[in-house]
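The values are calculated or read from the model by the stated rules, or taken from the named source; none is laboratory data. Just so you know, these numbers come straight off a predicted model, no measurement behind them. All Cβ positions, even for glycine, are placed from backbone atoms using ideal geometry, and neighbour counts span all protein chains on display.
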Amino acid sequence: MDEVTQQPVSVWTRPERGARGPAAGHSRTELAAAAVALADREGLAAVSMRRVARELGVGQSSLYRYVAGRDDLLDLMTDRVAGETDLRVPLSGGPAEDLLGLAERTRAVLLRHRWLVDVPPEPLRLGPCGLAYLEYALRALAPTGLPGPVQLEVVAVMNALVAQFARTEQQGPASDAGRRAAQAAYLAGAAAGGEHPHLAAALAGQAGQADAARATAESSDGGEAVFRRTMRRVLDALVVPGGAH
C-alpha cells in the first residue's frame, strides 16, 4: 500500500482545539498572550512550549491541544501583536503618505515588542490580523495602479525597512560611544584623503567633514526624524507607476 504523505496544515485552518494530548482549559488567545508577555520580559529565546505551559500553570502536553509546536506559537504571537497596529486610520488617497503612517504605527509596535524583530521571517507568516494589515496596505496602494505582485513587493520592502530601523533603534544611541566616535573619525579621514571623492562630495556642504561623518554615523541609530525622512523617500520612489518594476 502506498504511503500517504500528510501535508502541513496552518494553525489558522486547524480546529481551535485538537485531539492530541489531554484536555486543557485555555484558548489559543490565552496561549498567545502568555507567550507575548514572556517574550516582552525575557526575549524570544525564552519562549518555549515548556515555559509557556508554566506561565499558564498547565502541563506542557496540554498545549498540544492547540498548537503543533513552537512554530505555531510564533504564528500566534506575531499575529497577536500585528493586531496592535491601528488600521482604523482613514486613508487619504495619497499612497506614499498613507503607507508612511502605517510604517510609523508598525515601528511603534516593533519598539514596544523588542523580540519581534528576532522572529524568523517568513513571507506567509500571516494570520487574521496580518491579513487585515496586508489588506489595508494594499488598499493604500490601489490608487497607484501598480500590478498586484509589485504592490506586494512594495509592502515587503516597507516592512523590511521598518524592521531594520527598529532593530537599530533598539541598540540605543549610547551603545559603545567610544567605538562610534572612532568610526566617525575614520570616515572623516577617509573622506579627506582624496581616494573617495564621491564620499567627500556627499559629505560636503556640512559643518565639516568630521561633523558630517559623525552625523552619518549617528543617523544609523534611527530616530523618528531620520525614520520618517528615509521612509518617505523610499515610499515616494516605490509607489510611482513603473518605478517599482
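A few comments on the model shown:
- Residues of the range 38-63 classified as surrounded by fewer than 13 Cβ atoms within 10 Å (Cβ to Cβ) and either in contact with a strand residue (DSSP E or B) (Cβ under 7 Å, 6 or more places away or on another chain) or of a type in the set (A, V, I, L, M, F, W, C) (or both), total: 1
- Any chance R233 is out of contact with any Cys (no Cβ under 9 Å at 6 or more places or on another chain) and modelled with pLDDT of 85 or more: yes
- Condition check for Y66 on (1) of a type outside the set (G, A, S); (2) under 19 Å from R125 (Cα atoms); (3) surrounded by fewer than 20 Cβ atoms within 10 Å (Cβ to Cβ): one failure, at (3).
- Single residue of the range 114-155 satisfying the filter (among the charged types (D, E, K, R) and outside any helix (DSSP H, G or I)) that is surrounded by the most Cβ atoms within 10 Å (Cβ to Cβ): R125
- Matching residues in the range 40-78 - criterion: being of a type in the set (D, E, K, R) and either assigned by TED's automatic domain parsing to the domain that holds P123 or touching a Leu at 6+ places or on another chain (Cβ under 7 Å) (or both): R51, E55
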